[in-house]
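A.B. asks: Take this structure, written in structure tokens, and hold onto it; I'll ask about it next.
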Amino acid sequence: MTTEKLSKEVVAPARALNQRHGKTYYLASLLLSGDVRPYVFALYGFCRYVDDIVDVENDDPALRLRKVDGFRERFLTEVCRGSSEDPILAATIATIEHFGMSIEYFERFLTSMRQDFLVSRYPCLADLLAYMDGSAAVIGEMMLPILRADDPRARAPARALGNAFQMTNFLRDIGEDLNRGRIYIPEEDIERFGAWDSFGSRRVTDEFRELMAFEIARTRGWYSDSFAGDDYLQGRALRCIRAARNLYAAILDEIERVNYDVFTARAVVSRTKRVKLLIRAGFRP
């Protein structure tokens, strides 16, 4: 671990991305101490930077794939050099060096992002979890040194929370993902509940509601599994994770509140409820 701190100036572009696109994560990060927060912004900025390449809809997919590959090559080169002129990469490299992070984390993430161009459906849960290892679970692992959770037993709960966050996104964004030609719900589950018609017609049926109830229950199980990680966190780090978990889990409540209609509107937690959840986690305005 290096002693050099990540300056506000270096992390400013990553923080702006977090504030603009990751409102839930940004709110939770406000519970962290000022010396920790910049590194969380840096990681979010990195992940968002790549995600934007993957999900932009006005570029040819082959071009976007080349951009991801080019980004990966540049990133690995500049990590080895220890510097970058790109502000997002500069903040990421500073974070990697400060905490002595393994580059393997970032390679797993980039591998999953590349997979979005090659795989649009997942036959079973095991296939989806293999993708989520790099797109979600690994981010939980990246956060552990930043939050000073050094006990190896914290790894499994951190991975569970990453998966819970990601699956919550998948359930909320089914309609948006269909627009991109992707389905992140295991095909075996869709088949089990006979819900394929809803993915074609974008209508909520009884079968689709049963499918969503099943997926939400499993996702809540991952949230429950993540509670074991609280034993390895302290102070502001613990309050941050509790806030993020409560804010994100509330999205599942909203999906239920709109009777599982994720086709016509995006399930959003109201500002009033978000503030209440933040206060409950320890935030003081």
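The values are calculated or read from the model by the stated rules, or taken from the named source; none is laboratory data. The shown structure was predicted, so the numbers you read here are calculated from the model rather than taken from an experiment. Methodologically, a virtual Cβ is constructed for each residue, glycine included, from the backbone with ideal geometry; neighbour enumeration extends over all protein chains shown. Side chains included, ligands, DNA and RNA excluded: accessible areas come from the protein's heavy atoms. Shrake-Rupley method; radii C 1.70, N 1.55, O 1.52, S 1.80 Å.
A.B. asks: So what does log10 I(q)/I(0) come out to for the stretch 34-133 at q = 0.11, 0.13, 0.18 Å⁻¹, using the Debye formula with one equal point on every Cα and no solvent?
C.D. replies: Reported log10 I(q)/I(0), two decimals: -0.37, -0.50, -0.90.
A.B. asks: What whole-number value in Å² describes the accessible area per residue of the stretch 1-117 for a 1.4 Å probe?
C.D. replies: I get 48 Å² per residue for this part.
A.B. asks: Relative to the longest principal Cα axis of the chain, at what angle does helix 235-257 sit, 0 to 90 degrees, rounded to 10?
C.D. replies: Between helix and principal axis, roughly 20 degrees.
A.B. asks: Could I ask something else about it? Give me the percent of accessible area attributable to carbon and sulfur for the stretch 26-134, probe 1.4 angstrom.
C.D. replies: So the carbon and sulfur contribution to the accessible surface is 52 percent.
A.B. asks: Could you look at the stretch 136-285 and say what percent of its accessible area is carbon and sulfur, using a 1.4 Å probe and all protein chains?
C.D. replies: Here it works out to 47 percent.
A.B. asks: Pairs on different chains or at least eight residues apart, Cα atoms closer than 25 Å: how many lysine pairs in the chain fit?
C.D. replies: For the chain, qualifying lysine pairs total 4.
A.B. asks: Further question: Measuring from a point 7 Å past the Cα of residue 35 along Cα-to-C-beta, which residues in the stretch 80-98 have an amide N at less than 15 Å?
C.D. replies: 98
A.B. asks: Give me the accessible area per residue for the stretch 134-285, probe 1.4 Å, as a whole number in Å².
C.D. replies: 46 Å²
A.B. asks: Could the peptides 135-144, 75-84, 226-235 be put in order, highest first, of the mean number of other beta-carbon atoms found within 10 Å of their residues?
C.D. replies: 135-144, 226-235, 75-84
A.B. asks: Skipping prolines and chain starts, which residues have an amide H placed within reach, meaning under 5 Å, of the one on residue 267, given they are 5 or more residues away or on another chain?
C.D. replies: Counting only residues 5 or more places away or on other chains, the set is empty.
A.B. asks: Roughly what angle does helix 8-21 make with the longest principal axis of the chain, taking Cα atoms, 0 to 90 degrees, to the nearest 10?
C.D. replies: On a 0 to 90 degree scale, this one is about 10.
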